[in-house]
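Trainee: Before anything else, here's the structure in question.
The values are calculated or read from the model by the stated rules, or taken from the named source; none is laboratory data. Since we're looking at a predicted model, the values are computed, not measured. When we count neighbours, we look across all protein chains shown, and the Cβ atoms used for this are built from the backbone with ideal geometry, even at glycine. All accessible areas refer to the heavy atoms of the entire protein, side chains included, with ligands and DNA or RNA removed. Shrake-Rupley method; radii C 1.70, N 1.55, O 1.52, S 1.80 Å.
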Amino acid sequence: CSLVDPKIQLVGSVENIVINSVHGGDSVFDFQITKNGIDINRFKLDNENENSKFSVNGFIPLVINLKNGILEEDIQHERSLHFVCQNTSTKLLKNVIPKVDELEGKVSGELSAFKVEDKRFFIGKLKLIDGKLAFKSNLAPITDIEGECNFTRESIEIPKITGKMGEGAFVIRGAMNLIDLSVNSIDFSIKGKKLKLINDDDLVVILSPD
């Protein structure tokens, strides 16, 4: 290790760690920090009580901000992270996948996430069980969500997702074509009966899109 080419190795473990209000259980980690960035050689969570496991490895580029001398992420170079989930809370991914904050449930699968400047894309497959999506408006919540999503650089494919709105059940299949994570086109089929779309004190709307 030198001032010209500094290297810091962090290896250890933490018990009963909490991330994004989720009790992740016990963790082990192995990080190496250099002038170019952070190499995440290993970061694992293991919660035996929840039968939940989560791991990530990858690279986060860093640069010194010359205005304030603070070390921060270098958005000009690619950030690459690889996640492996087993019965993992969606809250552990809320800083990874955009707009997942309101989604609850457990995910399993593998996902690689890449980012350069404001451009991001994902590659992998995740399966969701026990999902729930609550809305801040008077839209009825979606419950009992189960299904999987296949992520590629250009699309998000949905072979099959099932769920409920009120007492009614639905099935969604289809795909979204993407350009830098912005939706370019959508091709979905939705089937269901007696879906409770709006539910408040003054109005209840039931929809059957079959």
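Yes/no matrix, rows are residues, columns are (1) under 27 Å from GLU146 (Cβ atoms); (2) touching a residue at least 40 places away in the same chain (Cβ under 8 Å):
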site: ASN20; (1), (2): yes, yes
site: THR34; (1), (2): no, no
site: PHE54; (1), (2): yes, no
site: LEU81; (1), (2): yes, yes
site: VAL84; (1), (2): yes, no
site: LEU92; (1), (2): yes, yes
site: GLU102; (1), (2): yes, no
site: GLU110; (1), (2): yes, no
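Trainee: While we're on this one: So which of GLU110, GLU78 is touching a His at 6+ places or on another chain (Cβ under 9 Å) and among the acidic types (Asp, Glu)?
Mentor: On the way: GLU78 fails: touching a His at 6+ places or on another chain (Cβ under 9 Å).
Being touching a His at 6+ places or on another chain (Cβ under 9 Å) and among the acidic types (Asp, Glu) holds for just one of GLU110, GLU78, which is GLU110.
Trainee: Mind checking which residues of segment 163-186 are over 24 Å from GLY109 (Cα atoms) and either surrounded by 12 or more Cβ atoms within 10 Å (Cβ to Cβ) or in contact with a His (Cβ under 7 Å, 6 or more places away or on another chain) (or both)?
Mentor: Within segment 163-186, MET165, GLY166, GLY168, ALA169 qualify.
Trainee: Hey, another quick one. Looking at this structure, is LYS94 under 30 Å from ASN47 (Cα atoms), among the charged types (D, E, K, R) and in contact with a strand residue (DSSP E or B) (Cβ under 8 Å, 6 or more places away or on another chain)? Walk me through how you get there before you give the answer.
Mentor: Numbers: under 30 Å from ASN47 (Cα atoms): yes; among the charged types (D, E, K, R): yes; in contact with a strand residue (DSSP E or B) (Cβ under 8 Å, 6 or more places away or on another chain): no.
No.
Trainee: Among the strands (runs of 3 or more DSSP E) contained in segment 70-148, which hold 1 or more residues that are of a type outside the set (Phe, Trp, Tyr), modelled with pLDDT under 85 and open to solvent by 50 Å² or more (accessible area, probe 1.4 Å)? Don't jump to the end; show me each part of the working.
Mentor: Details: elements: 71-73, 79-89, 103-116, 119-133.
Qualifying strands (runs of 3 or more DSSP E): 71-73, 119-133.
Trainee: Could we say that PHE54 is of a type in the set (Phe, Trp, Tyr), under 17 Å from VAL84 (Cα atoms) and either open to solvent by less than 60 Å² (accessible area, probe 1.4 Å) or in a strand (DSSP E or B) (or both) here?
Mentor: Yes, satisfied.
Trainee: Across segment 148-193, what is the number of residues that are small (Gly, Ala, Ser) and within 18 Å of LEU126 (Cα to Cα)? First the steps, then the outcome.
Mentor: Going through segment 148-193, the residues small (Gly, Ala, Ser) turn out to be 155, 163, 166, 168-169, 174-175, 182, 185, 189, 192.
In the following step, the residues that additionally are within 18 Å of LEU126 (Cα to Cα) were identified as 155, 163, 174-175.
Matching residues across segment 148-193 total 4.
Trainee: Give the residues of segment 16-35 that are touching a helix residue (DSSP H, G or I) at 6+ places or on another chain (Cβ under 7 Å) and either at positive phi or surrounded by fewer than 17 Cβ atoms within 10 Å (Cβ to Cβ) (or both), sorted by residue number.
Mentor: ILE19, ASN20, SER21
Trainee: Does LYS160 qualify as being over 17 Å from the mean Cα position of the chain (by Cα), surrounded by fewer than 15 Cβ atoms within 10 Å (Cβ to Cβ) and in a strand (DSSP E or B)?
Mentor: Values: over 17 Å from the mean Cα position of the chain (by Cα): yes; surrounded by fewer than 15 Cβ atoms within 10 Å (Cβ to Cβ): yes; in a strand (DSSP E or B): yes.
So LYS160 fits the description; yes.
Trainee: What number of residues in segment 36-51 are over 19 Å from the mean Cα position of the chain (by Cα), open to solvent by less than 60 Å² (accessible area, probe 1.4 Å) and free of Cβ contacts under 8 Å to residues at least 24 places away in the same chain?
Mentor: Total meeting the criteria: 1.
Trainee: Any idea which of (1) closer than 24 Å to VAL116 by Cβ; (2) within 23 Å of the chain's Cα centre (by Cα); (3) among the hydrophobic types (A, V, I, L, M, F, W, C) is the one ILE33 doesn't satisfy?
Mentor: Result: ILE33 passes all but (2).
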